[in-house]
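A short worksheet on the structure shown next.
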Amino acid sequence: MNHPATRRTVLLAAGATGAAALTTGCGGNDGHRGDGGDSGPSSGTAAPEAPAGRELATTGDIPVGGGTVFKDEKVVVTQPEEGDFRAFSAICTHQNCLVAEVSDGTIHCACHGSRFSVTDGSVETGPATRPLPEERITVEGNSIRLA
């Protein structure tokens, strides 16, 4: 037996579909690269990963006490102390903005002012509450590559 759809049924179905699309489309991740808020991983699609083994920079390109943001790869490489290279996701854990720069010992997100430590990616200044996830790199000679 077929029942004609009422206006209310159509609106409820459209609302449920729209909410599902918003939930899936906003800030989805795999728990690795930050998400649309500070409430943990969601079920959306992660940002594309940079190809493993690709050279990002030479050791001379990364300033001691600072770092460099690689926007295309969505990775930030830091050198907290001479010869100590670290890498983190360049996606802010507050609202998925790409971090803008590294200076004064912190990684800066220009969207809302969050700052993260160049040493371990921990939050120095909010609104972010979670650290930047660590990325794997290898340093061979003077070449810094994604692992």
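Derivation of every value follows stated rules applied to the coordinates shown; laboratory data play no part. Fair warning: this is a prediction, and the values are worked out from it, not measured in the lab. Here the Cβ is made from the backbone with ideal geometry for all residues, glycine too, and neighbour counts use every protein chain on show.
Between GLU55 and LYS71, full extension at 0.36 nm per residue minus the direct alpha carbon distance yields a gain of 4.4 nm.
What does the net charge come to around PRO80 if you take all other residues with beta carbon closer than 12 Å to its beta carbon, with K and R at +1 and D and E at -1? Walk me through the numbers on the way to the answer.
On the way: positive: ARG86; negative: GLU81, GLU82, ASP84, ASP120.
In short, -3.
Only Cα sites of segment 48-147 enter the Debye sum here, all with the same form factor; the resulting log10 I(q)/I(0) across q = 0.10, 0.14 1/Å is -0.22, -0.44, listed in q order.
A simple spin-label model places pseudo-atoms 7 Å from Cα toward Cβ; at GLU134 and THR119 they are separated by 1.4 nm.
Each label point was placed 7 Å from the Cα along the Cα-to-Cβ direction; for GLU82 and SER143 their separation is 2.5 nm.
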